[in-house]
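Q: If you scroll down you'll find the structure; I have some questions about it.
Just so it is clear, none of the values below were taken in a lab; they were calculated from the coordinates. Nothing here was measured: the structure is a model prediction, and the numbers come from that model. So basically every Cβ, Gly included, is an ideal-geometry build from the backbone, and we count neighbours across all protein chains shown.
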Amino acid sequence: MPVLSARVAPTAPLDLIIDTDPGADDVVALLLAMASPDVLRIRAITTVAGNVRLDKTSRNARLAREWGGREDIPVYAGASKPLLRPPIYAANIHGDEGLPGVVVHEPAQGLADGSAVQYLVDTLSAAQPHSITLAVLGPQTNLALALIQAPAIVRGIKEVVVMGGAHLNAGNITPVAEFNLYADAEAAEVVLNSGVELTYLPLDVTHKVLTSDARFSQLAAIGNQASQLVVDILMEYIKADMQRYGMTGGPVHDASVIAYLIKPELFKGRSVELQVDRRQGATYGQTIVVEYTTPEQPGNVVWIEDADAQGIFDLLSTRLACLK
Ligand code: BDR
Ligand code: CA
């Protein structure tokens with residue numbers, strides 16, 4: 001089975017939309033992205049219900065924007081519930097406000113007018129062919145709704161990079177399903193079937209990129225507001241996973257997607273044929289790698305399964321040092 005080292009770093013800034021359900025690790029991802037304007041041109045942040053309700057994920061995205069000093073980036077609120085299934089939340093991991101370890105407040109700047117789904121349809125319809133990258137850090141509801149409304153938007157998309165799924169790693173919301181896929185498996189299937197270029201960073205890789213005391217010290221040593229926020233949020237966030245899995249540290253799932261966009265050489269993956277199980281029952285939301293394919297005859301997904309964990313924390317540290 002050929003192992004692909006992931007592609008080389010982008011030579012020009014990527015036009016990026018971040019679709020997210022903040023969420024502790026989502027906020028770390030947003031700060032990392034906002035600290036990297038030389039590589040990522042963030043066109044908008046779009047929010048979805050996921051870790052907590054939509055009003056809270058939207059508030060937390062605006063908080064992250066305020067902390068990142070990037071009020072120029074519009075935040076659009078999107079879907080308040082999945083395509084078909086009843087909503088599920090993860091307040092047990094992310095806290096009632098969706099942001100553990102810090103005190104939240106109402107940010108000065110509000111949401112952009114209009115819905116995230118319409119923003120996606122309008123922006124991707126008007127975009128140059130294959131010009132916009134989407135980082136999808138929560139349930140894939142917004143993108144699925146946009147694709148259902150206007151299937152031709154695929155043409156404007158360069159790549160969709162998803163945090164989600166699990167194959168050799170167990171699930172984290174059921175024994176076999178990862179939270180983002182389980183929260184809206186129907187949406188994930190719409191995206192899978194759309195023909196868009198898709199990369200997945202599943203639990204198989206994010207459970208290899210764990211915090212440690214040394215990595216917390218590394219982040220704290222930066223000594224600015226952003227690094228202190230990241231330390232405070234993560235110290236609280238990782239407790240549940242460390243206890244559940246008996247791991248020595250906790251994962252920072254969504255930040256791996258942004259690290260992948262900035263420095264793909266830190267990651268390894270392979271081309272696969274991926275399916276999502278939508279049958280009601282014990283396997284709902286499971287991702288199944290049905291076949292390892294080749295770069296010459298690729299499958300429908302690039303499945304990232306290994307990473308240089310210390311390299312990712314070094315990247316996070318270097319980048320956070322650029323924020324206030
Ligand atoms: C994913 O689920 C959410 O709780 C996290 O924000 C991450 O996107 C990990 O399974
Ligand atoms: Ca998330």
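Q: In the chain, which helices (entire DSSP H runs) extend 18 Å or more along their own long axis, judged by Cα positions, while averaging at least -1.0 on the Kyte-Doolittle scale?
A: Taking the DSSP H segments of the chain (at least 18 Å long, mean hydropathy at least -1.0), we get 225-245.
Q: How much length is gained if the chain between residue 288 and residue 122 is pulled fully straight, taking 0.36 nm per residue apart and subtracting their Cα-Cα distance, in nm to one decimal?
A: 56.5 nm
Q: While we're here: Once Lys and Arg get +1 and Asp and Glu get -1 on their Cβ, which of 67, 99, 114 lies farthest toward the positive end of the dipole of the chain?
A: 114
Q: Shifting gears a bit: Could you tell me the calculated FRET efficiency between residue 38 and residue 96, based on Cβ-Cβ distance and R0 = 45 angstrom, to the nearest 0.05?
A: 0.80
Q: For the range 139-154, list residues with backbone N below 14 Å from a point placed 7 Å from the Cα of residue 197 toward its Cβ?
A: 154, by backbone N distance to the label point.
Q: Ordered by packing density, taken as the mean number of other Cβ atoms within 10 Å over each peptide's residues, highest first, how do 126-132, 185-191 rank?
A: Top of the packing list down: 185-191, 126-132.
Q: Fully extended, how many nm does the chain gain between residue 280 and residue 55 (0.36 nm per residue separation, minus their Cα-Cα distance)?
A: Here the segment from residue 280 to residue 55 would lengthen by 78.2 nm.
Q: Among 18-24, 195-201, 110-116, 249-255, how do they line up from the highest to the lowest mean number of other beta-carbon atoms within 10 Å?
A: 18-24, 249-255, 195-201, 110-116
Q: Additional query: Once all Cα-Cα distances of the chain are split into 20 Å bins that start at 0, what whole-number percent is in each one?
A: 36, 61, 3
Q: So how much slack lies between residue 297 and residue 235, counting 0.36 nm per residue of separation and subtracting their Cα-Cα distance, in nm?
A: 18.0 nm
Q: Further question: Between the range 57-86 and the range 178-220, what is the C-alpha centre distance in whole Å?
A: Answer, in whole Å: 18.
Q: How many nm separate the modelled label positions at residue 243 and residue 130, each set 7 Å beyond the Cα in the direction of the Cβ?
A: 4.8 nm
Q: Treating only the Cβ of Lys, Arg, Asp and Glu as charged (+1, +1, -1, -1), what charge dipole size does the range 53-102 show about its Cα centre? Round to the nearest 20 debye.
A: Charge dipole, the range 53-102, about its Cα centre: 220 debye, nearest 20.
Q: Assuming 1.002 mPa s and 20 °C, estimate D for the range 62-117 with Stokes-Einstein, Rh taken as the Kirkwood radius over Cα pairs, in µm²/s.
A: Rounded, D is 160 µm²/s.
Q: Can I ask one more? Can you give the % of DSSP beta bridges in the chain that are antiparallel, to the nearest 5?
A: Of the beta bridges lying entirely in the chain, close to 35 percent run antiparallel.
Q: Let me ask something else about it. What spacing in nm lies between the two simple spin-label points modelled at residue 12 and residue 214, each 7 Å away from Cα in the Cβ direction?
A: Distance between the two pseudo-spin positions: 4.0 nm.
Q: Also, I was wondering about something else. So, how do all the Cα-to-Cα distances of the range 147-273 break down into 5 Å bins, in percent, from 0 on up?
A: The distribution over the range 147-273 is 2, 9, 16, 20, 19, 14, 10, 7, 3, 0, given as percents.
Q: I've got another one for you. Which value in deg cm²/dmol, rounded to the nearest 500, describes the helix-derived mean residue ellipticity at 222 nm for the chain, given -39,500 (n - 2.57) per DSSP H run of n ≥ 4 and division by the residue count?
A: Calculated at 222 nm, the ellipticity per residue is -10500 deg cm²/dmol.
Q: Then there's this: Run the dipole for the chain about the Cα centre, Lys and Arg Cβ at +1, Asp and Glu Cβ at -1, nothing else charged, and hand back the magnitude in debye, nearest 20.
A: 140 debye
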